[in-house]
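All remarks here apply to the structure that follows.
The values are calculated or read from the model by the stated rules, or taken from the named source; none is laboratory data. Note that the structure is predicted; figures quoted are calculated from it, not measured. So basically every Cβ, Gly included, is an ideal-geometry build from the backbone, and we count neighbours across all protein chains shown. To get the accessible areas, we keep the full protein, side chains included, count just its heavy atoms, and leave off ligands, DNA and RNA. Shrake-Rupley method; radii C 1.70, N 1.55, O 1.52, S 1.80 Å.
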Amino acid sequence: MSVMNIIQAVHSALDSELARDPDVVVFGEDVGRFGGVFRATDGLQAKYGEDRVFDTPLSEAGIVGTAIGMAAYGMRPVPEIQFADFIYPAFDQIVNEMAKMRYRSGGRIGQPVTIRTPVGGGIRGGHYHSQSPEAYFAHTPGLKVVCPSNPYDAKGLLISAIRDDDPVLFLEPKRVYRAARGEVPDEPYTLPLGKAARVAEGEHVTVLTYGATVHEALKAAEIARGEGLALDVLDLRSLVPLDEEAILESVARTGRVVIVHEAPRNCGFGAELAARIAEKALLHLECPIERVAGFDTPFPYTLEMDYLPDAKRIVAAARRAFSY
Amino acid sequence: MPRTLQVREALNEALAEEMERDERVFVMGEEVGHYQGAYKVTRGLLERFGPRRVWDTPINEGGFAGIGIGAAMVGLRPVIEFMTFNFSLVAFDQIVNNAAKIRQMSAGRLSVPIVFRGGGGAARMLAAQHSQATEPYYAHVPGLKVVVPSTPAEYKGLLKASIRDDNPVVFIESELMYGAKGEVPDGEYVIPLGVADVKRPGTDCTVVSWGRILHTALEAAEVLAKEHGIECEVVDPRTLRPLDEQAIFASVRKTNRCVVVHEGWRYGGVGAEVVDRVQSSCFDWLDAPVERVCNVDVPQPYARELEELVLPSVERVVDAVRRASYR
């Protein structure tokens with residue numbers, strides 16, 4: 001066991017998979033010689049050589065296209081997109097090629113690709129370094145979408161993602177890259193994709209979230225507890241596949257739900273969560289489902305801390321739900 | 001006197017009238033000029049308005065979307081045709097990161113009055129990469145408007161409104177509807193964006209639907225009325241962003257039941273947003289869970305039989321409305 005932050009846990013996962021499987025390759029902008037803008041690949045090129053860990057030109061469509069071709073021939077590429085905001089030039093490659101290859105080939109050609117990319121705001125990055133694009137990918141059949149909130153999950157989920165035979169979007173919450181610290185085993189381990197974690201127990205209001213806002217939800221749970229309001233906080237960890245069972249189990253006990261994410265609200269992933277609960281658990285619900293999300297504007301540079309869902313907004317939503 | 005026009009003719013009239021009215025309007029895309037459009041929507045425009053107003057482009061969606069955004073920033077009003085909206089995904093970065101954000105990034109000093117138009121959705125055996133309903137991707141993007149019309153008259157009136165709008169508009173047509181006919185009013189008219197239309201009044205169950213599949217919902221409503229005595233109120237939002245939620249709420253508060261029917265995948269689709277808004281604002285009115293009837297969550301199959309199984313059908317809509325009505 002070592003105390004690690006998320007960056008170190010991601011690094012540890014990449015290191016262990018590069019060592020374990022010669023088909024695993026890591027590439028992207030500045031991941032090789034420089035070791036990644038967030039240092040997630042620090043020293044890996046020196047350790048595994050330029051054939052296994054290499055720098056690419058600034059061409060996201062090229063990076064993902066290369067990964068798709070490699071995966072079609074049986075390798076396990078782990079490309080990095082430096083910021084999720086840069087992933088859109090590769091959108092056609094991801095949605096039209098990577099997500100559909102298994103289906104279009106009648107199951108003959110798999111796509112064991114894991115695209116790692118930092119997501120979310122809170123680092124004063126402005127429009128082009130702060131976005132949360134999970135809704136686009138969660139909507140696209142054929143992709144898995146994973147978003148850890150802490151170092152232990154980051155390592156175990158990333159190893160599972162790399163070993164998975166289908167394409168995985170692995171979204172890393174950069175706001176807590178270094179702030180989230182915890183004990184992580186030094187040896188490799190896996191966590192199943194599609195299992196939520198209960199990170200706070202309570203019987204009054206279910207809070208569903210993932211990534212950086214898990215930490216805001218935990219702060220909210222502390223504040224609410226002081227008011228006698230017990231929040232049941234689920235860290236979804238993976239949006240596709242989704243742990244619907246855990247969600248419905250919690251909702252059946254509490255009858256009240258608050259959904260939290262950073263991405264804009266309209267057609268965000270929270271809409272799917274709310275719609276599922278409204279379809280499958282309407283009769284358990286004591287009040288309308290609340291969503292606390294980014295506002296429906298482009299990501300603001302100066303107002304980012306007002307834009308991002310915080311503990312205060314989560315508590316306010318929980319109170320509204322509880323007093324309905 | 002209203003005339004009977006095909007959708008492609010209604011679109012063509014809208015383009016010609018707006019180009020006539022405003023010399024800043026121009027049309028650009030693959031094969032829109034000499035070939036007059038893959039679906040003949042731009043027929044006659046090159047001859048009438050000349051090559052400075054009707055441009056054939058290389059096969060590079062990122063390139064011509066980007067040129068259009070730049071032209072709009074300096075005061076022109078481009079109408080960009082994607083041969084199919086599936087190809088817009090190559091230009092996704094231009095649309096999401098540039099068109100949608102420029103107004104806010106420039107503190108309102110620059111606007112992007114551009115229309116991206118083209119056919120989306122299933123188009124009969126065109127398989128996984130040419131059959132997608134891309135509207136949920138765009139409906140999630142702050143700064144864009146998203147329009148999905150369902151009748152020839154609305155295709156014309158909504159396209160004219162989109163061209164006159166000072167914001168980027170994603171205007172998604174149906175490849176299967178270019179030949180569909182309907183009455184189109186004579187003379188000048190525009191249909192405002194963000195205003196829903198009740199396509200069929202009813203008292204028992206609200207059905208929210210748009211685009212081509214709205215016609216499946218209307219067919220189902222007939223079956224439900226005749227065979228099951230259930231009178232559906234079919235509400236067509238016409239614009240998905242901004243969404244006329246008040247029209248939907250007004251109907252649900254009357255019927256106490258709601259079924260959303262749309263083309264495209266269910267998981268994280270626009271239907272999810274509609275369901276959430278209904279449960280949130282009509283919670284005390286709802287007598288049954290809100291149902292969604294959508295594409296099955298798989299890439300679009302090529303085989304005709306499978307394609308039909310994947311798309312919302314009259315039977316699936318009828319079943320959903322009956323479940324919601326406990327009948």
Requested in this report: Hey, can you grab everything whose amide H is under 5 Å from the amide H of A:VAL233? Only 5+ residues off in sequence or another chain; H modelled, so Pro and N-termini drop out.
Outcome: A:VAL199, A:ALA200, A:GLU201, A:GLY202, A:VAL207
Report summary line: GNM on chain A, Cα springs under 10 Å; top mean-square fluctuation among A:SER105, A:SER59, A:SER149 goes to A:SER105
Query - Selected from A:ALA217, A:PRO167, A:ALA154, residue furthest toward positive end of dipole (the stretch A:146-293; charges at beta carbon) - result: A:ALA217
Requested in this report: For chain A, set up a Gaussian network in which alpha carbons nearer than 10 Å are linked by springs, and say which option among A:GLY121, A:GLY228, A:GLY255 fluctuates the most.
Outcome: A:GLY228
Report task. Can you send over the solvent-accessible area of B:GLU13, 1.4 Å probe, protein chains only, in Å² to the nearest 10? Result -> 40
Report task. Pull up all non-local amide H partners of A:VAL25: gap of 5 or more, or a different chain, and H-to-H distance under 5 Å with H placed in the peptide plane. Result -> A:ARG76, A:VAL78
Query - Chain lengthening between A:TYR73 and A:GLU183 when straightened (0.36 nm per residue, less Cα-Cα) - result: 35.9 nm
**Report entry** Ranked packing of B:81-92, B:193-204, most packed first, by mean Cβ within 10 Å
**Finding:** B:81-92, B:193-204
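In Å², what does the accessible area per residue of the stretch B:197-324 work out to with a 1.4 Å probe? Provide the component values of the computation, followed by the final result.
On the way: 4440 Å² over 128 residues.
For the stretch B:197-324, the solvent-accessible area averages 35 Å² per residue.
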Query raised in the report: How large is the helix-only mean residue ellipticity at 222 nm for chain B, computed as the sum of -39500 (n - 2.57) over DSSP H runs with n ≥ 4, divided by its residue count, in deg cm²/dmol to the nearest 500?
Result: -10000 deg cm²/dmol
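What do you reckon, how do A:TYR103, B:TYR137 stack up by accessible area (1.4 Å probe), largest on top? Don't skip to the end; give the middle numbers.
Working: A:TYR103 95, B:TYR137 0 Å².
Sorted by accessible area, descending: A:TYR103, B:TYR137.
Looking only at other chains, what is the average number of their beta-carbon atoms within 10 angstrom of each beta-carbon in B:217-224? Display every interim value, and only then the final one.
Working: counts 0, 0, 0, 0, 0, 0, 0, 0.
The shielding value for this peptide is 0.
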Query raised in the report: How big is the C-alpha Rg of the protein assembly as shown next to the rule-of-thumb value 2.2 N^0.38 Å, as a ratio?
Result: 0.96
Query - Table column - 3J(HN,Hα) (Hz), the stretch A:314-324, Karplus curve with 6.51, -1.76, 1.60, x for Gly and Pro - result: 5, 4, 4, 5, 5, 5, 4, 4, 5, 9, 5
Report summary line: Descending accessible area (1.4 Å probe), largest on the left, turns A:LYS155, B:LYS254 into B:LYS254, A:LYS155
Query raised in the report: Straight-line reach from B:LYS156: which lysines have a Cα under 25 Å away, not including same-chain ones fewer than 8 places off?
Result: B:LYS40, B:LYS145, B:LYS181, B:LYS199
Query raised in the report: Which FRET efficiency value, to the nearest 0.05, is calculated for B:LYS226 and B:ALA303 with the Förster distance at 30 angstrom and r the Cβ-Cβ distance?
Result: 0.40
Query raised in the report: Across the stretch B:2-9, in residue order, what do the Karplus-derived ³J(HN,Hα) couplings come to in whole Hz, using 6.51 cos²θ - 1.76 cosθ + 1.60 with θ = phi - 60° and x for Gly and Pro?
Result: x, 10, 8, 10, 7, 4, 5, 6
**Report entry** For residues of B:104-110, the mean tally of beta carbons on other chains within 10 Å
**Finding:** 2
Requested in this report: Taking H placed 1.01 Å from N in the peptide plane, check which residues at least 5 places from B:GLY29 or on another chain put their amide H under 5 Å from its amide H.
Outcome: B:TRP55, B:THR57, B:GLU81
Query - Nearest-0.05 FRET efficiency for A:LEU283 and B:ILE59, computed from C-beta distance (R0 51 Å) - result: 0.45
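May I ask for the Kirkwood hydrodynamic radius of chain A, worked out over all distinct Cα pairs and given in angstroms to one decimal?
Values: mean 1/r = 0.0503 Å⁻¹.
Taking the inverse mean of 1/r over all distinct Cα pairs, chain A comes out at 19.9 Å.
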